[in-house]
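Below: one structure, written as structure tokens.
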Amino acid sequence: MAKTMEITITIKNENGEPITSSTSEREVPYIEEIETQGFRSAFHELETAVLEGRKEASEKAVSEYLGVISQKKR
């Protein structure tokens, strides 16, 4: 039984208002899975989910932010 991890990146202006926001969801192992798979395997699964989720969310946020910037420069 896996649990869901959510990573959200929000870029805000100087007033604290969001300019862009991006979210990535990944499944992470639950405690029973750690007990059955073993710590190393479950930790690897968790670490991979975190790294992939962070990469996806940051790429989306930066891409959207660059789009916003390019529209303002025109």
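Summary of computed values
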| item | result |
| --- | --- |
| Within the stretch 32-54, considering residues that are charged (D, E, K, R), surrounded by fewer than 17 Cβ atoms within 10 Å (Cβ to Cβ) and free of Cβ contacts under 8 Å to residues at least 24 places away in the same chain, the one nearest to I11 (Cα to Cα) | E47 |
| Residue, nearest to E25 (Cα to Cα), within the stretch 55-74, restricted to residues that are surrounded by 12 or more Cβ atoms within 10 Å (Cβ to Cβ) and among the charged types (D, E, K, R) | E56 |
| Test for L51: is it in a helix (DSSP H, G or I) and modelled with pLDDT of 95 or more | yes |
| Pairs with Cβ under 7 Å, 6+ apart, first in the stretch 1-26 and assigned to a loop (DSSP other than H, G, I, E, B), second of a type in the set (K, R) | none |
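The values are calculated or read from the model by the stated rules, or taken from the named source; none is laboratory data. Source: prediction; values computed, not measured. So basically every Cβ, Gly included, is an ideal-geometry build from the backbone, and we count neighbours across all protein chains shown.
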